[in-house]
There are 2 protein chains.
Amino acid sequence: MHQNLTIALDAMGGDHGPGVVIPAALDCIERNPSLKLILVGDEGIIRTRLGSSLERWGDRISLHHASQVVEMHELPSKALRGKKDSSMRVAIDLVKHGAASACVSAGNTGALMATAKFVLKTIPGIDRPAIIATVPSKGGHTYVLDLGANVECTAEHLYQFAIMGHELVCAVEDKTAPRVGLLNVGEEEIKGNEQVKQAARLLADSHVNFIGFVEGNDIFSDNVDIVVTDGFVGNVALKTLEGLAKMIGLSLKAGFEKNIWTRLAGLAALPVLKAFKQQYDPRRYNGASLVGLTGIVIKSHGNADRLAFANAINIAVKEVEKAVPGRIGERLTERLSEGKFA
Amino acid sequence: MHQNLTIALDAMGGDHGPGVVIPAALDCIERNPSLKLILVGDEGIIRTRLGSSLERWGDRISLHHASQVVEMHELPSKALRGKKDSSMRVAIDLVKHGAASACVSAGNTGALMATAKFVLKTIPGIDRPAIIATVPSKGGHTYVLDLGANVECTAEHLYQFAIMGHELVCAVEDKTAPRVGLLNVGEEEIKGNEQVKQAARLLADSHVNFIGFVEGNDIFSDNVDIVVTDGFVGNVALKTLEGLAKMIGLSLKAGFEKNIWTRLAGLAALPVLKAFKQQYDPRRYNGASLVGLTGIVIKSHGNADRLAFANAINIAVKEVEKAVPGRIGERLTERLSEGKFA
């Protein structure tokens, strides 16, 4: 490992703040001997929570005080203007100044995106960062972007999302030609809207392995690796699948808790149900990348627990090791020099 | 029951044609003594399939010959121009001429929509028909529209969808103020795109019980009855939930079929798994209405089986009994006369 594996954590972000971030940080420190973490936030609170761990891990855990916290429902513009010493902002600043090679926050998504974009800027050739994450699929998992950063997209934006998704997946999954699909509907005579149709033409002409249009159900199949869509559709699809998975989980649980006989049946079925639960455990999918920026910023679910937040840290580790923004930048520089972009 | 409960069935449509439509038709005839059915398609094939049932049910089952069949992947415009004697077209014609009060088809969605719109026309005040169907939710089920008829929608279209959904649900579910939500994303500073924001303003000013923006996961909650969105987003959400439900079902099945012990556990858990399967059985949700037309047209899934197709017929029955297009028409006439529409 050649990279500086130092990751800044917004210790105050999310529904649980340091109560989740610090235990998750300690889990990761324990498991990955190359990892260093900077905990950003209220020094007093963090120090108390860390207790003897601070001494125990020496220079592998450090503190960086930040006096403010971005609230979960604060307007991004307000956070950006008014909270220059927030734990979120300072964590991103540490990435900008090279003190950290990535940051992770469970804070307000809009504020994180706005701040990261303002501080880190987009890679030349990329107009807008996007949010990319994995969802479970038959073959393992599928990457989907954009998950909500851009509610209105042109064909060019969709095209750029595909390029970013391609480079990220090549890097992180060690693939050479991940299959890229453009999310569309199947019912129209000439399928889809103008943006999607034009993006398909751009992608057919590109270096990515574009397999054409895919539909919502294909996300879970094993015939596509990266599903590209705008942030409105992507966010609705993500929330829909989260909502359905939750409802199904609860109704299975209720079914087995109905009476003494169903409880006994549940006991018999426990190993199967446990394996099933683990396969779809949303905590294993926690951690979305704000891709297209000059640095690595990972967004954790606001209500992430210790295991889920640790997963988001692991995603940051992987992206640092694989130098994702650098790869995207190189590819875009090549293409800019070939005159492929306006 | 005052209505003429005669329903025309496109006997040739769908992946299985008469092999599914005719058994489903006989099931419905047997269960509902007021129902009459007209089977539209190749008379020879239908007569053979019906066998002695034709005589048995007297005038409750009749045949109407149609010499053509719309293929599942045929271009809607081609079907509309070139197949004026298709089983689909003739079934819709029967509705137009009053011989039937509704029709049901498992054929090509695009062709069905194009033909129905051409033959039946939209209700005055409605620009475009939409596709509405139910999906399972915590509280029972939620109506969602549009599911794919209109990939690009203005705020006015979304508004009209909400009005149609409201009237349909009031009629079919005997509700007075079903809760209408507008599908949106939760992450943006000023949420959503222009269409959604403007539609929200129109709905806030309308007679429907508009509860504001909802997100993808709310579809499955019990806090909304009708979710309004454009056909692109609605179709992706529907396909996403279908795909996830299928994957989850298969992986539970695989889990219980792993070895002799899991099979025994599955046997013990059978009553719970059966109840669970039934609750989410997509066949129970089969049948989408092409709402906004002057007549009732129900679209069945192409791969519907007997039980699923019978469910689509039942939806047609309910809409005839509740005179859904008439209700929507009356409401729109009122509003047109109040000058609420341009």
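For residues in the range B:141-185 being away from chain A (no Cβ under 14 Å) and outside any helix (DSSP H, G or I), which is nearest to B:Lys322 (Cα to Cα)? Filtering the range B:141-185 for residues that are away from chain A (no Cβ under 14 Å) and outside any helix (DSSP H, G or I), the one nearest to B:Lys322 (Cα to Cα) comes out as B:Asp174.
Whether a residue is in contact with a helix residue (DSSP H, G or I) (Cβ under 7 Å, 6 or more places away or on another chain), among the hydrophobic types (A, V, I, L, M, F, W, C) and in the same structural domain as B:Ala8 (by TED's automatic domain parsing) was assessed, and B:Val95 passes this test. Yes or no: A:Ala177 without any contact (Cβ under 8 Å) to a residue 12 or more places away in the chain, surrounded by fewer than 17 Cβ atoms within 10 Å (Cβ to Cβ), touching a strand residue (DSSP E or B) at 6+ places or on another chain (Cβ under 7 Å) and in the same structural domain as A:Val233 (by TED's automatic domain parsing)? Answer is no for this residue. Within the range B:280-289, being without any contact (Cβ under 8 Å) to a residue 40 or more places away in the chain and not charged (D, E, K, R) holds for one residue alone: B:Asn286.
The rows are residues; the columns are (1) more than 29 Å from B:Asp146 (Cα to Cα); (2) facing chain B (nearest Cβ under 7 Å); (3) without any contact (Cβ under 8 Å) to a residue 40 or more places away in the chain.
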{"site": "A:Asp225", "(1), (2), (3)": "no, no, no"}
{"site": "A:Glu242", "(1), (2), (3)": "no, yes, no"}
{"site": "A:Ile248", "(1), (2), (3)": "no, yes, yes"}
{"site": "A:Ser251", "(1), (2), (3)": "no, yes, yes"}
{"site": "A:Glu257", "(1), (2), (3)": "yes, no, yes"}
{"site": "A:Lys274", "(1), (2), (3)": "yes, no, yes"}
{"site": "A:Gln278", "(1), (2), (3)": "yes, no, yes"}
{"site": "A:Val291", "(1), (2), (3)": "yes, no, no"}
{"site": "A:Gly302", "(1), (2), (3)": "yes, no, no"}
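From the list B:Ser87, B:Ser53, B:Ser77, the one residue that fits, being touching a residue at least 12 places away in the same chain (Cβ under 8 Å) and under 21 Å from B:Asn303 (Cα atoms), is B:Ser87. A single member of B:Lys197, B:Lys239, B:Lys191, B:Lys175 is of a type in the set (D, E, K, R) and closer than 30 Å to A:Leu273 by Cα, and it is B:Lys239.
In this structure, does A:Asn303 turn out to be modelled with pLDDT of 95 or more and either among the aliphatic types (A, V, I, L, M) or within 26 Å of A:Asn108 (Cα to Cα) (or both)? No; evaluated as a whole, the condition is false for this residue.
Which one of these is under 13 Å from the mean Cα position of the chain (by Cα) and among the charged types (D, E, K, R): A:Lys299, A:Lys274, A:Lys253? The match here is A:Lys299. No other residue among B:Arg284, B:Arg263, B:Arg331 is surrounded by fewer than 17 Cβ atoms within 10 Å (Cβ to Cβ) and more than 11 Å from every other protein chain (Cβ to nearest Cβ) apart from B:Arg284.
For the range B:47-69, the count of residues that are over 27 Å from B:Glu321 (Cα atoms), among the basic types (Lys, Arg) and within 14 Å of chain A (Cβ to nearest Cβ) is zero.
Checking the structure you have, find out if any residue of the range A:95-105 is within 13 Å of another protein chain (Cβ to nearest Cβ) and within 24 Å of A:Asn303 (Cβ to Cβ).
No: zero hits.
Out of B:Ala162, B:Ala106, B:Ala149, B:Ala99, one residue alone is on the phi < 0 side of the Ramachandran plot, at pLDDT 95 or above and within 15 Å of the chain's Cα centre (by Cα). It is B:Ala106. Please indicate, with yes or no, whether at least one residue in the range B:45-53 is loosely packed, with under 15 Cβ neighbours inside 10 Å and among the charged types (D, E, K, R). For the range B:45-53, residues loosely packed, with under 15 Cβ neighbours inside 10 Å and among the charged types (D, E, K, R): present. Candidates A:Lys197, A:Lys175: the one that is over 30 Å from A:Ser300 (Cβ atoms) and either of a type outside the set (S, T, N, Q) or modelled with pLDDT of 90 or more (or both) is A:Lys197. Do we have any residue at all in the range B:325-337 that's part of a helix (DSSP H, G or I), touching a Leu at 6+ places or on another chain (Cβ under 7 Å), at pLDDT 95 or above and within 24 Å of B:Lys96 (Cβ to Cβ)? No, the conditions are met nowhere in the range B:325-337. Can you tell me which residue within the range B:186-220, out of those that are part of a loop (DSSP other than H, G, I, E, B) and in contact with a Gly (Cβ under 7 Å, 6 or more places away or on another chain), is surrounded by the fewest Cβ atoms within 10 Å (Cβ to Cβ)? For the range B:186-220, the residue satisfying everything is B:Glu189. Listed conditions (1) in contact with a Leu (Cβ under 9 Å, 6 or more places away or on another chain); (2) among the hydrophobic types (A, V, I, L, M, F, W, C); (3) without any contact (Cβ under 8 Å) to a residue 40 or more places away in the chain; (4) within 9 Å of chain B (Cβ to nearest Cβ) are all met by A:Ala237, apart from (3).
The values are calculated or read from the model by the stated rules, or taken from the named source; none is laboratory data. Owing to the predicted nature of the structure, the values given are computational and were not obtained by experimental measurement. Note that each Cβ is placed from the backbone with ideal geometry, even for glycine, and that neighbours are counted across all protein chains shown.
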